[in-house]
Amino acid sequence: MPYTAEISRAHPGCLIFLIDQSSSMDDPIGTAPGEGGGSAASDTPATPPRKADVVADALNRLLFELSVRCAKEEGVRDYFHIAVIGYGHTVLPALSGGLAGRELVPLSEIVEHPARFDARTRKVPDGAGGLVERTVEVPVWVEPVASGGTPMCQAVGAASKLVQGWVDAHPEGFPPIVLNLTDGESTDGNPAEAATRLRYHVTADGEALMFNLHISTNRATPVAFPGPGDELPDKYAQLLYAMSSELPPGMRAYATEQGTDVADGAHGFVFNADLSAVVQFLDIGTRAADIR
């Protein structure tokens, strides 16, 4: 059965994140480009966070949670090698700080080299059954950026080169997973062909996986992990759906455990995602085979 190869230090997994950093990512999540939000001086609700901030926060959170999932007594084990590619004004690796310019980086090195720490207020258990606010320091590896167009074809091509190198070096392992987070249409052509070429790269355990998430540009209900018979709202949603791989059985099972109804044949695709859908997409999309 495909997509069942174990992930271990001897046979690590590969995660590649493509992050839309175009100028429209400066808009608040849940609004169309240029629509904006309310101001503090008005009676309208406070402006929601920028799309760029939501994506960077969700990805930084995921990297931290991956480090926890892969932590053992001796430290964080290199069960995954990770690349983050930003695409907007340029297409370049998007890890910052001491990892700037690096492509595929072992997870333990990512944990050892955060760019900085942010102070955040979190609710934590107070020991008496309640919650209390505490200030905690959270690591930051990816900074929010919003500039330029949306060269998605170039970004998928860059990911494809990394995927090819990985499958050549790990022909028996779990196939690489590419997760693309975007809020707009490609400005350098139709990315469907590039996505098809990416999925042509295979290991003995199956073809490379590509999942796509469209970040909310309005307040409509998100479409999450649709199947072949599900209706999609427009041609752009149909394009991203066609670019997306089917969710392997293990990911579908995990989604069901988390309370998400995912049918057989569902694709790794979310359209018009809000904040919670971004977090859910990253969580489900990185649940590869069992870690050993």
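The values are calculated or read from the model by the stated rules, or taken from the named source; none is laboratory data. Model, not experiment: these values are computed from the prediction. Here Cβ is always computed from backbone atoms with ideal geometry, including for glycine, and neighbour counts include all displayed protein chains. The area values use the complete protein model at the heavy-atom level, side chains included, leaving out ligands, DNA and RNA. Shrake-Rupley method; radii C 1.70, N 1.55, O 1.52, S 1.80 Å.
Does ILE110 fit the bill of being without any contact (Cβ under 8 Å) to a residue 60 or more places away in the chain, surrounded by 20 or more Cβ atoms within 10 Å (Cβ to Cβ) and either within 21 Å of HIS11 (Cα to Cα) or of a type in the set (A, V, I, L, M) (or both)? Taking the combined requirement at face value, the residue satisfies it. For PRO233, are the conditions met, namely being closer than 27 Å to ALA5 by Cβ and surrounded by fewer than 16 Cβ atoms within 10 Å (Cβ to Cβ)? No; evaluated as a whole, the condition is false for this residue. The strands (runs of 3 or more DSSP E) found wholly in segment 80-127 and carrying at least 1 residues that are within 15 Å of ALA155 (Cα to Cα) and at pLDDT 95 or above occupy 80-87, 91-93.
Just one of the listed residues (ASP168, ASP183) is among the acidic types (Asp, Glu) and without any contact (Cβ under 8 Å) to a residue 24 or more places away in the chain, and it is ASP168.
In segment 254-285, the qualifying residues are those that are part of a strand (DSSP E or B) and over 18 Å from GLY229 (Cβ atoms), and the one that is nearest to the chain's Cα centre (by Cα) is ALA273. Kindly indicate whether SER216 is buried (at least 19 other Cβ atoms within 10 Å of the Cβ), more than 16 Å from the chain's Cα centre (by Cα) and closer than 20 Å to ASP20 by Cα. The answer is no for SER216. For segment 14-30, filtered to residues that are assigned to a loop (DSSP other than H, G, I, E, B) and not hydroxyl-bearing (Ser, Thr, Tyr), the residue that is modelled with the highest pLDDT is GLN21. Here HIS11 fulfils each of the conditions (1) modelled with pLDDT under 90; (2) over 21 Å from the mean Cα position of the chain (by Cα); (3) of a type outside the set (A, V, I, L, M) apart from (1).
Taking segment 44-83 as the range and being open to solvent by less than 50 Å² (accessible area, probe 1.4 Å) and of a type in the set (Phe, Trp, Tyr) as the test, the residues that pass are TYR79, PHE80. Of all the numbered requirements in (1) surrounded by fewer than 16 Cβ atoms within 10 Å (Cβ to Cβ); (2) in contact (Cβ under 8 Å) with a residue 40 or more places away in the chain, PHE271 misses one, and that requirement is (1).
Here PHE174 meets the list (1) assigned to a loop (DSSP other than H, G, I, E, B); (2) more than 26 Å from VAL76 (Cα to Cα); (3) hydrophobic (A, V, I, L, M, F, W, C) almost entirely, failing just condition (2). Looking at THR187, THR182, just one residue is in contact with a strand residue (DSSP E or B) (Cβ under 7 Å, 6 or more places away or on another chain) and modelled with pLDDT of 90 or more, and that residue is THR182. Would you confirm whether any residue within segment 277-290 is under 27 Å from ARG69 (Cβ atoms), at pLDDT 85 or above, open to solvent by 20 Å² or more (accessible area, probe 1.4 Å) and touching a strand residue (DSSP E or B) at 6+ places or on another chain (Cβ under 6 Å)? Scanning segment 277-290 turns up no residue that is under 27 Å from ARG69 (Cβ atoms), at pLDDT 85 or above, open to solvent by 20 Å² or more (accessible area, probe 1.4 Å) and touching a strand residue (DSSP E or B) at 6+ places or on another chain (Cβ under 6 Å).
The combined condition, being at pLDDT 95 or above, over 18 Å from the mean Cα position of the chain (by Cα) and assigned to a helix (DSSP H, G or I), is not fulfilled by GLY149.
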